[in-house]
Amino acid sequence: MLCPAIVLLGLLSHTGPAAGASAAPQPGLSVEDIFGRPLNDARVVLVDWEGYIANPAVRFFVRPPSDAAFPATATLTANDARLCFDLPSVAGAEGPRKELAFPRDQKLPVLVSIFPDRAAHDQDRVLEIRFRDARGRTERLAVPIHVIDQDRDRPNKFHVVVDFSQDKTGFFRVAKRREIVEQAASDWAYFLDGTRWEPVAAGTEKTFIWDQDGFKTGRQVSNARAYTGYLLYGYGIHSAEVRSGGEPSRYGGFQRDAATGTVLPIRRSGGIEVETAGNYNSRGWLVELDDAQWWKATNLGDVPNDLYSIVHHEIGHALFFNPAHPRIDEAKRGNGLAAPDLRAYLGRNPRIDRADHFDGAIDPVCRRGAFGYEYHGQMPLGRWLITKLDLLAAQAAGYRLRDTAPFVPLAMSGAALPPANRAAWYSAMLRASGGVPFYNWEVIAGALPPGLSLDSFTGEMRGRPTQSGSYDFTVRVRDYDENAAGQTRRLRIVVADSAAPSPADPHHETAPLPHYRRHVPTTDGEHHEPG
């Protein structure tokens, strides 16, 4: 158990050093972020992105005490089952656990992330580190973790119409199984925009359905009702292969833009076939796992598999990851998905293998294997999730992506800075939005007026100017996308030579941490000025 007094102390401590992005190592056990900032008296900030998607993994460093004897070890734990550390580590009902070994005096990196949920509530958790050196000396450090939850309650702009009428096995007579398919389909659909798609009249879309004995023979069916979006048939099968499947229909048509009449390179219907016995085994299915039990869904061959994971994957095949979609077919025949946004995000064109999966692609922000590569990556195995890389691939296939938080780029906002008076207290807040909202502010050219400093965590410039004049400088903000260069802006502060009375400093070094807003797309930044 963590001592409440220690936790409270961390939550009420100052956000960090008043100026600069880094500081000298502290003498005791310490934690630093990727910008070199000490986090002992600050906090680790995670984001639960909008939608049911794999969240960013945030890197920090553990630095041993300066007088430690080596070799030494550290045990990291956190008090939430949805949290996880990079491998090797353990995830479980009591929260994650990771062991670090220090052969010498060095700082070691750790990644931490949180599994998504569908509730829009910010959360505060605690990272605890227990250190032991070669002389048996121990030290303990508790660092707050703040989770910004960007989920929003808004309807889908794209609809997957799920039809279970072709299930001849009885597998989907169970309501919970139907609910899982509908939820997984809705989770994909949340990120897609189908508002301009042409309706499909009843009887005009043909979809191939496999017979219940598996992938040998099948038949075509026509849509009984008109629909707009994607018609997905869900049905059970049982075959010697003991595997599920998913695909779009090559017998139906392509989506059409209702405004322009343009034919889009994506199909209008498809199906998923769920093996009734299990996934590559006959151990059945897990259907009751909640988000805090994500780590139970390893989907390995010797355990019952998570129905959500497999259904989510097969729906991905039906919606876009199949050569029945022309751009995917072209990518398989050529040098991968050649789309600028994909290349910018991954650093290369992702290749697609013979099974219609990404070939060796790890999402660079969540550090998990992308579509079809789910058993790989730096984070622990668990329920399979949509990644940002998957959605960029869907866009490359022909879909339009919706305006959701994972795709809001980092941006600085705000007008010109207010003027200052010499010797008078000054405070102005720089603001940012988008990206992975754990921001670092720094002056990279020019200089602030003497007496002012920039808080690297909050973006607040504050202090008492000691000299009048006009001061030009350039500020850069970076988010926690380690591959991003950040955003810069040239600013100016004019300091008047005024002898006006100076108000008391409204800030105190133990002031509460600033409030974090939840929804990046609709606000002007992560941080708010302390109240």
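The values are calculated or read from the model by the stated rules, or taken from the named source; none is laboratory data. All values derive from a computational prediction rather than experimental measurement. Reconstructed Cβ throughout: ideal geometry from the backbone, glycine too, with neighbour counts over all protein chains shown. Only protein heavy atoms, including side chains, enter the accessible area calculation; ligands, DNA and RNA are left aside. Shrake-Rupley method; radii C 1.70, N 1.55, O 1.52, S 1.80 Å.
Here are the numbers for this structure:
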item: Within the accessible area of the chain (1.4 Å probe), percent carbon and sulfur; result: 51 percent
item: The stretch 382-499: antiparallel DSSP beta bridges as a percent of all, rounded to 5; result: 95 percent
item: C-alpha center-to-center spacing [the stretch 362-382, the stretch 245-301] in angstrom; result: 19 Å
item: Per-residue ³J(HN,Hα) for the stretch 200-212, Karplus 6.51 cos²θ - 1.76 cosθ + 1.60, θ = phi - 60°, Hz, x for Gly and Pro; result: 10, 6, 4, x, 9, 10, 9, 10, 7, 10, 6, 5, 5
item: Lysine pairs meeting the criterion (Cα under 22 Å, 8 or more apart or interchain), as found in the chain; result: 9
item: Net charge of Cβ neighbours under 9 Å - reference Thr75; Lys, Arg +1; Asp, Glu -1; result: +2
item: In sequence order, calculated HN-Hα J values of the stretch 220-231 (Karplus, 6.51, -1.76, 1.60; Hz; x Gly/Pro); result: 9, 10, 10, 5, 6, 10, 5, 7, 10, x, 10, 8
item: In nm, spacing of pseudo-spin labels at Asp67 and Lys176 (7 Å Cα→C-beta vector); result: 5.7 nm
item: Per-bin percent of Cα-Cα distances, the chain [10 Å]; result: 4, 17, 24, 22, 16, 10, 5, 1, 0
item: Relative contact order computed over the chain (Cα-Cα under 8 Å; 6+ residues apart), in percent; result: 13 percent
item: The stretch 52-85 versus the stretch 402-434: alpha-carbon centroid distance in Å; result: 31 Å
item: Efficiency of FRET between Phe215 and Glu94 - r from beta-carbon atoms, R0 25 angstrom, step 0.05; result: 0.05
item: Helix-only [θ]222 nm of the chain, DSSP H runs n ≥ 4, -39500 (n - 2.57) each, per residue, nearest 500; result: -3500 deg cm²/dmol
item: Computed lengthening from Arg137 to Ala415, 0.36 nm per intervening residue step minus Cα-Cα distance; result: 94.8 nm
item: The stretch 364-449: equivalent-ellipsoid semi-axes (sqrt of 5 x gyration tensor eigenvalues, Cα, Å); result: 41, 16, 10
item: Ala338-Ala101 pseudo-label distance in nm [points 7 Å out on the Cα-to-Cβ vector]; result: 4.7 nm
item: Nearest-0.05 FRET efficiency for Phe254 and Asp497, computed from C-beta distance (R0 56 Å); result: 0.20
item: Residues with amide H under 5 Å from that of Asn279, placed H, sequence gap 5 or more; result: Gly284, Asn305
item: The chain, dipole about Cα centre (Lys/Arg Cβ +1, Asp/Glu Cβ -1), debye to the nearest 20; result: 680 debye
item: Amide H within-cut-off set for Leu83, under 5 Å, with H built and near neighbours excluded; result: Phe115
item: Convex hull projection area averaged over all views, the stretch 100-175, Cα basis, nm²; result: 11.0 nm²
item: 3J(HN,Hα) from dihedral phi, the stretch 357-370, Karplus parametrisation 6.51/-1.76/1.60, rounded to Hz, x for glycine, proline; result: 10, 4, 9, x, 9, 10, 4, x, 9, 8, 6, 10, x, 7
